[in-house]
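See below for the structure under consideration.
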Amino acid sequence: SVVIGHDHRHHSREFSLIAARVFHQAGLRVYRYEVSTPTPLVPFGVCHLGADFGVMITASHNPAIDNGYKVYGGNGCQIMSPVDKEIAAQIQAQQHRLWPLKEQESAWECPLEAVWGAYVARLQGLSEALLGNCPRWIPPIIYTPLHGLGGPWIERLLHRLNLPQPIPVDAQYLPDPNFPTLRFPNPEEGKGALAMAMDKAAQCHAKWIFANDPDVDRFNVAELQADGEWRIFNGNEIACLYAQFLWKHRGKLGSDKFAMVSSGVSSNALRQMAQQEGFVYEATLTGFKYIANAAQRLEREAGCKVLLAYEEAIGFMIDTIVWDKDGLGALLAMYALILELGGPEGSLVSCLEQFEQRYGCFLQHNGYYFCQTTPKAIFKAIRERLTQPPVIPLLKIEDQGITQITLHLSDTQWLTLRASGTEPKLKFYSETYCREPVRKEAMQKEHTELIKRLLAWLLPTSQLELAPSN
């Protein structure tokens, strides 16, 4: 049996119908969501319905011309090797001929409302655990789904949970596959993606902005500061806020043994927190297929309750309700955190400062380059450059595959370069640890300048046909 969902992009519905007909004619029991749905409802549906696998037709936050096909195994996690390689081998063998597909659409089941009801019930349990007797005030929050699917689904969710609705960015609220107001429909792009939300916040005197990506599996948040500037939190900072909040409420989450998981290019903040607090922490390869499978293994084999799993690209899995990143659950958890602030004078920045006072500061300088040269050629050039005397002394060079490499500058400072798996981008991630928050500003400046110098040496942009993102 298979669960099939699709986003709102051009042709996504048609692709989902083709997939449903193919699987039905092959003798499978087909569960197909009849309307466009957030990605997390497919892996949740796989587990809830006991299906053998799931397919989500989505290109997430990619440009409007893209389509994508995302596959989940029977455990509700994205497929891993060897399954992915076996599928790729079948495609590359080109031994299959197209055949006529029957047109009837009544040959499969449409369990969306039942799946949605079960999913909301799980989120309601999380909401009650996190909010408890928290005073209910109406926080001034702007919400944008960036022309994606999030608007109506978030509205339904908050209505069911009896929570106040945020103020929508009207021009970006309804699903539109052309993404007319955006260059990139990705909340990770910062001010470029959130400009209309910031304008709406100014009109409504709102302090916070929530944003989902088009298929609602990523989440971002921004906060207006006292000086009138917006603080857009990066994925690592949001994870620190979640980790501190969930750890505080762990006693109501049904276990006495806990764990957190993140990708290897994410911050070491959770590792440090785990050492001080005594919970289990694991870092994985990049990608939520590794993160979610590791979280499942920790629950199955170590008896841990996984409170949080994340990747720095604003993908968060809260309390394993879904075995993938989940923008609805992430939005709900952040909503609960803001409600716990008690009023508009509270701030997420102050919560982050509390984290830093206890565990230290984890300072990043991250970004990406647009690339025309193939990733393999770029990394070949990087490795050749590393055979020369470096401009900055390196403690260790860690080869992590054909298109990923990490340079350790010290025991507490590192730089990772990797090719994006879905876009023509070369991404870089870096971090340095600062134990004393009073030195944070100076160390951030030093770290940024050091990484820029190292990148300039490693990546001659004209030679490698790279264009900085800004």
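The values are calculated or read from the model by the stated rules, or taken from the named source; none is laboratory data. Predicted model, so just to flag it, every value in this text is computed and none were measured. Cβ atoms come from the backbone with ideal geometry, glycine included; neighbour counts cover every protein chain shown. Keep in mind that these areas ignore ligands, DNA and RNA; they rest on the heavy atoms of the full protein, side chains included. Shrake-Rupley method; radii C 1.70, N 1.55, O 1.52, S 1.80 Å.
Every residue in segment 20-33 that is at pLDDT 95 or above, within 30 Å of residue 212 (Cα to Cα) and either open to solvent by 30 Å² or more (accessible area, probe 1.4 Å) or out of contact with any Pro (no Cβ under 7 Å at 6 or more places or on another chain) (or both), please.
Quick first cut of segment 20-33, residues at pLDDT 95 or above only: 28-33.
This time we only want the ones that are within 30 Å of residue 212 (Cα to Cα), so: 30-33.
Across segment 20-33, the qualifying residues are 30, 32, 33.
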* Asked: Which of the residues spanning segment 67-81 are farther than 16 Å from residue 175 by Cα and part of a loop (DSSP other than H, G, I, E, B)?
  -> 68, 73, 74, 75, 76, 77, 79, 80, 81
* To do: Search segment 125-156 for residues being of a type in the set (Gly, Ala, Ser) and over 29 Å from residue 60 (Cα atoms), and hand back the single one that is modelled with the lowest pLDDT.
  => 132
* Asked: Are there any pairs, at least 6 apart or on different chains, whose C-beta atoms fall under 7 Å, with the first in segment 9-31 and under 28 Å from residue 176 (Cβ atoms) and of a type outside the set (A, V, I, L, M) and the second part of a helix (DSSP H, G or I) and open to solvent by 30 Å² or more (accessible area, probe 1.4 Å), and if so, which?
  -> 31/49
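Taking only segment 384-402 into account, find how many residues are in a helix (DSSP H, G or I) and either loosely packed, with under 12 Cβ neighbours inside 10 Å or touching a Lys or Arg at 6+ places or on another chain (Cβ under 8 Å) (or both). Before the answer, list the steps.
Of all residues in segment 384-402, those in a helix (DSSP H, G or I) come to 384-385.
Checking which are either loosely packed, with under 12 Cβ neighbours inside 10 Å or touching a Lys or Arg at 6+ places or on another chain (Cβ under 8 Å) (or both) leaves us with 384.
Of the residues in segment 384-402, 1 are in a helix (DSSP H, G or I) and either loosely packed, with under 12 Cβ neighbours inside 10 Å or touching a Lys or Arg at 6+ places or on another chain (Cβ under 8 Å) (or both).
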* Asked: For segment 436-451, does any single residue satisfy the condition of being on the phi < 0 side of the Ramachandran plot and small (Gly, Ala, Ser)?
  -> yes
* Asked: Which of (1) free of Cβ contacts under 8 Å to residues at least 60 places away in the same chain; (2) surrounded by 24 or more Cβ atoms within 10 Å (Cβ to Cβ); (3) out of contact with any strand residue (DSSP E or B) (no Cβ under 9 Å at 6 or more places or on another chain) does residue 303 not meet, given it meets every other one?
  -> (2)
* Structure fact -> Going through segment 47-63 in order, the residues found to be under 28 Å from residue 176 (Cα atoms) and either surrounded by fewer than 17 Cβ atoms within 10 Å (Cβ to Cβ) or among the charged types (D, E, K, R) (or both) are 63
* Given the residues 343, 327, which is the only one that is in contact with a Lys or Arg (Cβ under 9 Å, 6 or more places away or on another chain), open to solvent by less than 10 Å² (accessible area, probe 1.4 Å) and not β-branched (Val, Ile, Thr)? -> 327
* Near pairs, Cβ below 7 angstrom, 6+ apart or cross-chain, from segment 419-436 (more than 19 Å from residue 467 (Cα to Cα)) to any residue that is open to solvent by 10 Å² or more (accessible area, probe 1.4 Å) and among the β-branched types (Val, Ile, Thr) -> 432/412; 433/412
* If you take the residues of segment 403-418 that are aliphatic (A, V, I, L, M) and under 22 Å from residue 469 (Cβ atoms), which of them is surrounded by the fewest Cβ atoms within 10 Å (Cβ to Cβ)? -> 405
* **Output for segment 205-226, where each listed residue is among the charged types (D, E, K, R) and either within 30 Å of residue 323 (Cα to Cα) or touching a Gly at 6+ places or on another chain (Cβ under 6 Å) (or both)** => 213, 215, 217, 218, 223
* Hey, can you tell me all the residues within segment 111-139 that are assigned to a loop (DSSP other than H, G, I, E, B) and touching a Phe, Trp or Tyr at 6+ places or on another chain (Cβ under 7 Å)? => 111, 139
* Give the residue that is nearest to the chain's Cα centre (by Cα), with candidates limited to residues of segment 439-470 that are hydroxyl-bearing (Ser, Thr, Tyr) and part of a helix (DSSP H, G or I). => 448
* Selection within segment 355-373 - farther than 18 Å from residue 271 by Cβ, of a type outside the set (Gly, Ala, Ser) and surrounded by 13 or more Cβ atoms within 10 Å (Cβ to Cβ) -> 365, 368, 369, 370, 371, 373
* Structure fact -> Filtering segment 44-62 down to residues that are touching a helix residue (DSSP H, G or I) at 6+ places or on another chain (Cβ under 8 Å) and either outside any loop (DSSP other than H, G, I, E, B) or aromatic (Phe, Trp, Tyr) (or both) yields 44, 45, 48, 49, 53, 54, 55, 56, 57
* Does residue 256 satisfy being out of contact with any Lys or Arg (no Cβ under 8 Å at 6 or more places or on another chain), under 23 Å from residue 295 (Cα atoms), open to solvent by 10 Å² or more (accessible area, probe 1.4 Å) and in a loop (DSSP other than H, G, I, E, B)? -> yes
* Structure fact -> Given the conditions (1) buried (at least 20 other Cβ atoms within 10 Å of the Cβ); (2) part of a loop (DSSP other than H, G, I, E, B); (3) in contact (Cβ under 8 Å) with a residue 60 or more places away in the chain, every one holds for residue 182 apart from (3)
* To do: Please list, ordered by first then second residue, the pairs with beta carbon atoms under 6 Å, 6 or more apart or interchain, first in segment 274-287 and part of a strand (DSSP E or B), second of a type outside the set (A, V, I, L, M) and open to solvent by 40 Å² or more (accessible area, probe 1.4 Å).
  => 281/271; 283/264; 284/290
* To do: For segment 147-155, state whether one or more residues are aliphatic (A, V, I, L, M), free of Cβ contacts under 8 Å to residues at least 60 places away in the same chain, open to solvent by less than 20 Å² (accessible area, probe 1.4 Å) and part of a helix (DSSP H, G or I).
  => no
